[in-house]
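Step one of this worksheet: look at the structure below.
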Amino acid sequence: MTVSVLFVCLGNICRSPTAHAVFEKVVSDAHLSDKIIVDSAGTGDWHIGEPPDHRASSVASRRGYPLDHLRARQVVTADFDKFDYILAMDNENLRNLQLMAPLGFSGHLGLFLAFDKGQQLEEVPDPYYGGPNGFDDVMDSIEKASSALLSHIQSSYGLP
Ligand code: 4NP
């Protein structure tokens, strides 16, 4: 049995690749890489094939999560067949995913930060047009929510 998680933002070059790399590390540290599959995608098509934004990459590598191997892709309808969890960074991403979701989709579609009950924010703010501190704030939110998501999956699926 495997559990699959898709992180989604707008461009798939800042927030969702960061979540992808952080959650993959959290899963690997828990020795669950063979049980939990992680991916990321964007609702938009502007950056397909591009590596993550250099600001996201530099914050992530400084904090121990290399991102440079990732390439942006757009969400496709087939993702709703493949993933148990489709987690949006903000409400606009979530609305666009809800419009795409096939009627029979039985997985979990929701906001990523909702798993972290202690989180002040509901959404991971889009850092693209903001200052450099925005990327550290994104990382802080994503690190906390990643631990909370792993705990949720471990208890829901009886994983160690
Ligand atoms: P992301 O950030 O959704 O976190 O990858 C953005 C990347 C690109 C754009 C907006 C947000 N853009 O407008 O191109």
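A dipole drawn for the range 35-119 from +1 and -1 charges on Cβ atoms has a positive end, and of 114, 74, 86 the residue lying farthest that way is 114.
If you take the beta carbon distance between residue 140 and residue 34 as r and set R0 to 30 Å, what does 1/(1 + (r/R0)^6) give as a FRET efficiency, to the nearest 0.05? Mind dumping the intermediate values first?
Values: r = 29 Å, r/R0 = 0.96.
Efficiency computed from Cβ-Cβ geometry: 0.55.
Highest mobility in the GNM of the chain, judged by mean-square fluctuation with C-alpha springs under 10 Å and restricted to 114, 30, 88, is found for 30. Note on residue 117: aspartates and glutamates with a C-alpha under 19 Å away, same-chain residues under 8 apart excluded, are 90, 137, 140, 143. Over the chain, DSSP H runs of length four or greater, each weighted -39,500 (n - 2.57), average out per residue to a 222 nm ellipticity of -12500 deg cm²/dmol.
Dipole magnitude for the range 58-160: about 260 debye, using +1 per Lys or Arg Cβ and -1 per Asp or Glu Cβ, origin at the Cα centre. Along the chain, counting only chymotrypsin sites (Phe, Trp or Tyr not before Pro) with a DSSP assignment other than H, G, I, E or B and at most 12 other Cβ atoms inside a 10 Å radius, the longest segment between sites is 47-128.
Computed from the coordinates by the stated procedures, all read-outs in this text should not be read as laboratory data. What you are looking at is a predicted structure, and each value in this text was computed from that prediction instead of being measured. As a convention, Cβ positions derive from the backbone with ideal geometry for all residues, glycine included, and neighbour counts pool all protein chains shown.
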